[in-house]
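Presented below is the structure to which this report refers.
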Amino acid sequence: MISVHTIGSHDLEEKRLKEEIEKSQAKRVLIQLPEGLKPEAPRLASIAGETGAVAIVSADPCYGACDVALQEAESLNVDLLIHYGHTPMTKQERAPTPTIYIEAKAKVDVKEAVEKAIPHLRDWKRIGLVTTVQHVRGLNEAKDRLQRAGMTVMVGDAGRMRYAGQVIGCDFSNAKSISDDVEVFLFVGGGRFHALGVALATGKPTIVADPYEKRAFPIEDEAKTILKQRWASICEAKEAERLAILIGLKSGQKRLREALELKEKLERVGKRATLLAVREITPEVLMQFPEIDAFINTACPRVSLDDTKKFLKPLIALNEVPIVLGEITWEEICRRGWFES
């Protein structure tokens, strides 16, 4: 997720954009950008057009590498899809349309934000360092500055990610791999979105070093508030008799097998379950089903996590269903971290 205030501070690899189109001899290309980079779309489309190809820009929301516009590319019969701002997810390596990922690495310096984070870290000695793909080039500098301040710094191996220290909005396995060995995490990047994920996945205090705003701040209180909201939604869902299981239609969010298995499990314990296929999970979409008491989201877990207050009825994530069914306790979820590894 790239916020609007970062426009102009990313390497959009314009030369590579043209080279990839020319190399593939594409006649029609689709350019997909995350929300913060969409203002760059007309310029990038013009650059792509210099190759002689027809450039089409996807105007739909793009939330991550799980949301690659593969269906749109097929529908528009394009020869090449250019996806900005993310690294590929393993499950998407065999895309039906040739897909090029341009990571849009940040050009901003992280040192000032990291320096401002050091006072927030004084109570701890062992620091876990994480970031998004945009700032992986700044991790070594951040690590050096923390070490000069007398701290021991750990960066998780790449694991399922492309880079060491990298996290994405729904996968914090990198942070969890070092969680037992550190006391606190420092997230280098803009905003609160990924840092909150780190805090919830690890249960550890998390400090943000925002290089765009050149400031640092803790997000532990926000994480606690979110967990309270999750518990309230789970308690409501426990009492629900009629549930709907949401099947995501986006390329990296479709969990049809899990949804079918869950329907059988719910019905075995006397619940009524309806399967709903959906691309965008919004309050307006779910309001069309007034007979449903609670919704189970098998698609992007961040919708349940971050947008709780927007929905009129409980919207629980797949990893919360075992609590509803009495298979595990809420304390166990909190102990191992909200996100599954």
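The values are calculated or read from the model by the stated rules, or taken from the named source; none is laboratory data. Predicted model, so just to flag it, every value in this text is computed and none were measured. Neighbour counts are summed over all protein chains in view; Cβ atoms, including those assigned to glycine, are modelled from backbone coordinates with ideal geometry. Calculation scope for accessible area: heavy atoms of the full protein, side chains included, ligands and nucleic acids excluded. Shrake-Rupley method; radii C 1.70, N 1.55, O 1.52, S 1.80 Å.
Here are the numbers for this structure:
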quantity	calculated
Selection status of VAL130, surrounded by 20 or more Cβ atoms within 10 Å (Cβ to Cβ), without any contact (Cβ under 8 Å) to a residue 40 or more places away in the chain, within 19 Å of the chain's Cα centre (by Cα) and not in a loop (DSSP other than H, G, I, E, B)	no
Tally, over the range 97-143, of residues that are among the polar types (S, T, N, Q) and more than 29 Å from ILE21 (Cα to Cα)	2
Number of the exception - LYS107 against (1) farther than 27 Å from LYS27 by Cα; (2) at pLDDT 95 or above	(2)
Residue among ARG137, ARG145 that is open to solvent by 10 Å² or more (accessible area, probe 1.4 Å), under 21 Å from PHE193 (Cβ atoms), outside any strand (DSSP E or B) and among the basic types (Lys, Arg)	ARG137
Residue in the range 288-298 that is at pLDDT below 90 and surrounded by 15 or more Cβ atoms within 10 Å (Cβ to Cβ) present	no
Where a residue in the range 83-98 is over 17 Å from GLY159 (Cα atoms) and at pLDDT below 90 and its partner, wherever it lies, is outside any loop (DSSP other than H, G, I, E, B) and of a type outside the set (Asp, Glu), with Cβ under 8 Å and at least six apart	ALA95/LEU70; ALA95/LEU81; PRO96/LEU70; PRO96/ALA73
Residue among ARG279, ARG302, ARG257 that is charged (D, E, K, R) and in contact (Cβ under 8 Å) with a residue 60 or more places away in the chain	ARG302
In the range 305-317, residue most open to solvent (accessible area, probe 1.4 Å) [restricted to those that are under 20 Å from HIS194 (Cβ atoms) and in contact with a strand residue (DSSP E or B) (Cβ under 9 Å, 6 or more places away or on another chain)]	ASP307
Residue under evaluation CYS170, criteria (1) surrounded by fewer than 18 Cβ atoms within 10 Å (Cβ to Cβ); (2) touching a Cys at 6+ places or on another chain (Cβ under 7 Å), criterion not met	(1)
The range 157-167, subset more than 14 Å from the chain's Cα centre (by Cα) and under 12 Å from VAL136 (Cβ atoms), residue surrounded by the fewest Cβ atoms within 10 Å (Cβ to Cβ)	ALA158
Selected residue (criterion: nearest to GLY165 (Cα to Cα)) from residues of the range 30-64 that are touching a residue at least 40 places away in the same chain (Cβ under 8 Å) and open to solvent by 10 Å² or more (accessible area, probe 1.4 Å)	TYR63
Search result, residues across the range 162-178 that are part of a loop (DSSP other than H, G, I, E, B) and either charged (D, E, K, R) or within 24 Å of ASN297 (Cα to Cα) (or both)	ARG162, VAL167, GLY169, CYS170, PHE172
Conditions (1) of a type outside the set (S, T, N, Q); (2) modelled with pLDDT of 95 or more; (3) farther than 18 Å from HIS10 by Cβ; (4) touching a strand residue (DSSP E or B) at 6+ places or on another chain (Cβ under 9 Å); number of the one not met by GLU50	(4)
In the range 241-255, the residues that are aliphatic (A, V, I, L, M) and at pLDDT 95 or above	LEU243, ALA244, ILE245, LEU246, ILE247
The one condition in (1) part of a strand (DSSP E or B); (2) of a type in the set (A, V, I, L, M); (3) modelled with pLDDT under 90 that LEU305 fails to fulfil	(1)
The range 232-281: number of residues that are exposed (fewer than 14 other Cβ atoms within 10 Å of the Cβ) and closer than 23 Å to ASP171 by Cβ	3
